[in-house]
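The values are calculated or read from the model by the stated rules, or taken from the named source; none is laboratory data. A quick note: this is a predicted structure, and the numbers were derived from the prediction, not measured. Here the Cβ positions follow ideal geometry from the backbone for every residue, glycine too, while neighbour counts run over all protein chains shown. Please note that ligands, DNA and RNA were not included when accessible areas were found on the heavy atoms of the full protein model with its side chains. Shrake-Rupley method; radii C 1.70, N 1.55, O 1.52, S 1.80 Å.
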Amino acid sequence: RVNTQDTTAMAMAGIVLSSLFAMAIEGHAPRLGRVSLEGRPVVRMAGGAVMAGAYQPVAMVKSPKEAFEAMAEKGEANAKMSVAKILHASIMGGCYVGMGGLLSVAITGGMPGVAATNPGLVKLMFAALFPVNLLLVIMTGGQLFTGNTATMASALAEGKIKFADLMKSWTWSYIGNIIGCAGFAYLTSYTGLLSYGTAEVAIATTLKKCSATWGQTFVKAVFCNWLVCLAVFLAGAANDLTGKMVGIWFPISTFVAIGFEHSVANMFLLPLGLFAAAPISLRDVLLKNLIPVTLGNVFAGAVIIGMGMSFAHGKLGQGK
């Protein structure tokens with residue numbers, strides 16, 4: 001017998017995934033046509049519009065080397081920002097992470113029947129919805145500490161900034177993300193949205209995240225920010241919104257579905273669980289999760305991605 005809740009949830013997941021694949025295939029980039037308009041070359045746009053005149057071929061994706069150079073330049077630009085600018089961008093980034101996190105928690109919290117019979121489907125739904133936060137961050141100029149571990153380390157490896165610039169960015173983006181994420185969690189509780197299934201998912205998530213050993217949590221954090229910084233790298237490699245969306249969605253969905261640990265996401269999810277009265281202390285949240293996760297995220301972003309990409313495409317690898 002087919003369960004109605006299962007069928008509905010599967011249909012929703014199918015719509016989300018098919019939409020992503022359709023956007024990846026179709027895109028919004030111009031398609032070059034062979035039609036001439038009074039002997040002049042034309043460009044046929046998506047949707048059928050035709051523009052006459054000369055055109056230059058435009059690559060929609062940067063090469064790996066170009067994408068790394070863009071990431072290092074982003075780190076250089078971040079270094080030139082004032083503390084107030086970094087703090088503002090990071091608070092906004094934290095709020096956007098909260099928006100994506102709350103969306104995932106609220107939707108999956110309303111699927112108790114599906115969770116009991118098909119937990120993998122609920123995990124897929126949570127993972128498919130969550131990446132909207134990084135899309136909002138990148139497209140609005142927000143900042144996340146996790147992404148900054150890679151961009152700033154890349155700029156440092158390329159000699160574009162000083163170590164003091166890196167520490168300024170990391171410190172203030174971390175503080176700003178905490179303010180944005182924890183503040184959004186508080187407002188979620190204040191508005192009454194943290195109730196019923198949403199509260200249950202928040203509590204279960206908090207307890208699960210604080211149940212592993214320190215070493216396990218650290219390694220999961222390394223794997224997580226490896227994927228997150230690759231999402232940042234891929235978004236920077238794409239020159240159009242559709243490409244950025246696809247580049248963000250799949251690495252982020254991957255880390256969420258697997259269960260890796262992201263410090264900024266946890267700055268929202270863990271306070272959300274505490275506000276929902278999870279039977280755990282703030283001390284446990286910090287010692288068992290946030291500290292090892294932060295250190296693992298830093299290692300992945302700075303060493304694996306920042307220095308690793310510099311060795312592959314930049315100054316650290318010259319002459320090797």
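Summarising the amide proton neighbourhood of residue 238: residues at separation of 5 or more, or on other chains, whose placed amide H is nearer than 5 Å comprise 62.
Our coupling estimate for the stretch 110-115, obtained by passing each phi through the Karplus curve with A = 6.51, B = -1.76, C = 1.60 and θ = phi - 60°, is x, 10, x, x, 5, 4 Hz, Gly and Pro reported as x.
Pairs 74/244; 85/315; 74/162: which are spaced more than 25 Å apart, C-alpha to C-alpha? It would help to have the intermediate numbers written out before the result.
Details: 74/244 16 Å; 85/315 29 Å; 74/162 14 Å.
Long pairs (Cα-Cα over 25 Å): 85/315.
Taking the protein heavy atoms of the stretch 243-320 in the context of the full set of protein chains, the accessible area attributed to carbon and sulfur is 71 percent at 1.4 Å. Sparsely packed loop sites in the stretch 126-194 (the trypsin sites (Lys or Arg not before Pro) outside DSSP H, G, I, E and B with at most 16 other Cβ atoms within 10 Å) comprise 162.
A probe of 1.4 angstrom, applied to the heavy atoms of all protein chains, finds residue 295 with accessible area near 90 square angstrom. The 3J(HN,Hα) values that the Karplus relation (6.51, -1.76, 1.60; θ = phi - 60°) gives for the stretch 277-291 are, in residue order, 6, 5, x, 8, 9, 4, 4, 5, 4, 6, 6, 8, 9, 4, 5 Hz. Gly and Pro appear as x. Among 172, 249, 214, the order of accessible area from largest down is 214, 172, 249, computed with a 1.4 Å probe on protein heavy atoms.
The residues of the stretch 50-188 expose on average 43 square angstrom of accessible surface per residue, using a 1.4 Å probe on protein heavy atoms. By the rule of a C-alpha distance below 27 Å, with chain neighbours fewer than 8 residues away ignored, the lysines paired with residue 208 are 123, 220, 288.
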